[in-house]
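This report concerns only the one structure given below.
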Amino acid sequence: MTDRRTELADNLARVEERISTACDKAGRAREDVTLIVVTKTYPASDVRLLAELGVGQVAENRDQDAAPKAAACSDLSLTWHFVGQLQTNKVRSVVNYADIVQSVDRARLVTALSKEAVRAGRELGCLLQVALDAESGDTRGTTGERGGVAPAGVAALADAVAAAEGLRLDGLMTVAPLTGRYAGRPGAAFERLMEISSGLRVNHPAANMVSAGMSADLDEAVAAGATHVRVGTAVLGVRPRLG
């Protein structure tokens with residue numbers, strides 16, 4: 001365990017240096033960017049070590065892994081983010097532990113999240129996942145494996161979240177697309193997300209969270225203006241899946 005703690009501490013230091021350097025280059029204050037460590041596929045023991053090392057925000061993308069892990073770490077002061085594609089039949093479970101759902105991409109999911117947040121007596125933060133490979137005006141929104149709402153559908157979905165009981169519209173999230181005009185251009189993708197965020201904040205000024213960038217492209221995300229970066233492999237390394 002001591003070796004693992006040292007490994008995580010070293011990896012966190014390297015990621016912190018990357019974020020700090022990117023902030024310096026962009027003329028941003030380091031405190032303007034929040035690190036979320038994506039702990040998917042890693043055990044609760046790693047989450048505990050990360051908390052000891054000062055990590056305050058963690059993310060999961062599969063409820064079947066996340067629910068027992070969050071329960072095992074319920075004594076820790078952590079903010080839990082759900083970042084995976086979310087099916088409505090998993091909403092009740094996710095609402096029990098997640099503080100923020102970053103993958104809101106359709107009206108039906110908004111309705112389900114609102115119902116369960118009210119039932120649980122919680123206010124749930126929501127980010128709209130934007131599919132930047134859907135710049136076609138298709139407001140149906142889901143595209144490929146990564147999901148998300150098309151840019152043209154952001155305004156209507158944002159209004160739905162803002163009006164839903166038990167939900168709080170916090171901002172936007174994206175994953176650098178693998179297809180379309182932004183494929184292989186994460187910096188351009190994240191700049192586009194910032195443009196969409198500016199438009200969103202005209203009517204929803206408090207929705208100023210922009211979650212973008214992972215281990216491979218966090219530097220470009222910080223340069224574009226992301227407020228949160230989601231880093232897994234660069235902190236935790238490559239390990240076999242749970243189960």
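Read the figures in this text as sums done on the coordinates, not as results from a lab. Not measured: the values here are computed from a predicted model. Don't worry about glycine lacking a Cβ; one is built from the backbone with ideal geometry, like all the others, and counts go over all protein chains shown.
Numbers below:
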read-out: Whole-Hz ³J(HN,Hα) from phi, Karplus 6.51 cos²θ - 1.76 cosθ + 1.60, for the range 8-14, glycine and proline x; value: 5, 4, 5, 5, 4, 4, 5
read-out: Length-normalised contact order of the range 4-231 in % [C-alpha pairs under 8 Å, at least 6 apart]; value: 17 percent
read-out: Under 5 Å, built H, 5+ apart or other chain: amide partners of THR79; value: GLN57, VAL58
read-out: Pairs of lysines in the range 1-142 (C-alpha under 27 Å apart; 8 or more residues apart or interchain); value: 6
read-out: In Hz, Karplus ³J(HN,Hα) per residue of the range 66-80 (6.51, -1.76, 1.60; θ = phi - 60°; x = Gly, Pro); value: 6, 4, x, 5, 4, 5, 5, 10, 5, 7, 8, 8, 10, 9, 9
read-out: Selection from PRO186, ALA234, PRO205 lying farthest towards where the dipole of the range 143-243 points positive, charges on Cβ; value: ALA234
read-out: Cα pair count fraction exceeding 24 Å, expressed as % - the chain; value: 44 percent
